[in-house]
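First up is the structure itself, then whatever we jot down about it.
Please treat every number below as a calculation from the coordinates, not as lab data. It should be emphasised that the depicted structure is a prediction, and the values quoted were computed from it without experimental measurement. Cβ coordinates were reconstructed from backbone atoms using ideal geometry, including for glycine residues, and neighbour counts include every protein chain displayed.
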Amino acid sequence: MVDANLGRQMQGAVADPVLGPVTRQVSGRAAPAAVPSGPERGQPLAAAVAELPVLDASGRQVPFGALFRERRAVVVFVRHFLCYICKEYVEDLAKIPKSFLQEADVTLIVIGQSSYHHIEPFCKLTGYSHEIYVDPEREIYKKLGMKRGEEIASSGKSPHIKSNILSGSIRSLWRAVTGPLFDFQGDPAQQGGTLILGPGNNIHFIHRDKNRLDHKPINSVLQLVGVQHVDFTSRPSVIHV
């Protein structure tokens, strides 16, 4: 069932000629009566949000809007770096060939909400080599209306989740207690989402995760930006710690 609020906003809208006609969030249940906070598809990203900083692996501040000022970007906000589901999702993002993105003139960006010190270990763990930043205070998460807390909703079986809840949770906890600092590398209650942004402060697509299982299938997002279909059946060689 199409989200009722987004459906009303898109009535009479002309499909984006580049991204294709289907750029709406789809849900298995009716939308709540309240209009969700944050920007929607077809509305520009507020300049104040574009100016908020993210941090790279060296701790350098970069304006959020600078990441997609010149070209389109698929921006994936993850829950936290210890989340085993996020880890397996990013492992699959790591499989997207850079040549595929270059051919479509698209940037792939992951944003987490931990300290920037966790970026490099997370990339080594997942094999991820595309752009990645953090929003430690979750200011951009909040401005984009990303959910905090779990909503009970049927999200279907994700092709990107390989571990079961027990084994995945145990591995996440083990990484927390054996790391240099005992922390969960972000707020465990924070949910993520996926956007297609740019060039400039243009929002073409937005999906807010309802719960930890609600990641948008990667190929469905890549299709919207003209990136080739990726085979996620083989896994990269990564070190599990």
For this session: Using a 10 Å cut-off on Cβ atoms, rank the peptides 41-51, 62-72 from the highest mean neighbour count down.
Result: 62-72, 41-51
Seminar exercise, completed: The local net charge around R60, scoring Lys/Arg +1 and Asp/Glu -1 for residues other than R60 whose Cβ lies under 15 Å from its Cβ, equals -4
For this session: May I ask for the net charge around Q191, where only other residues with Cβ less than 15 Å from the Cβ of Q191 are counted and Lys, Arg are +1 while Asp, Glu are -1?
Result: +4
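With Cβ to Cβ distances under 13 Å as the rule, what net charge do the other residues near I218 carry (K, R +1; D, E -1)?
Result for the local shell: -2.
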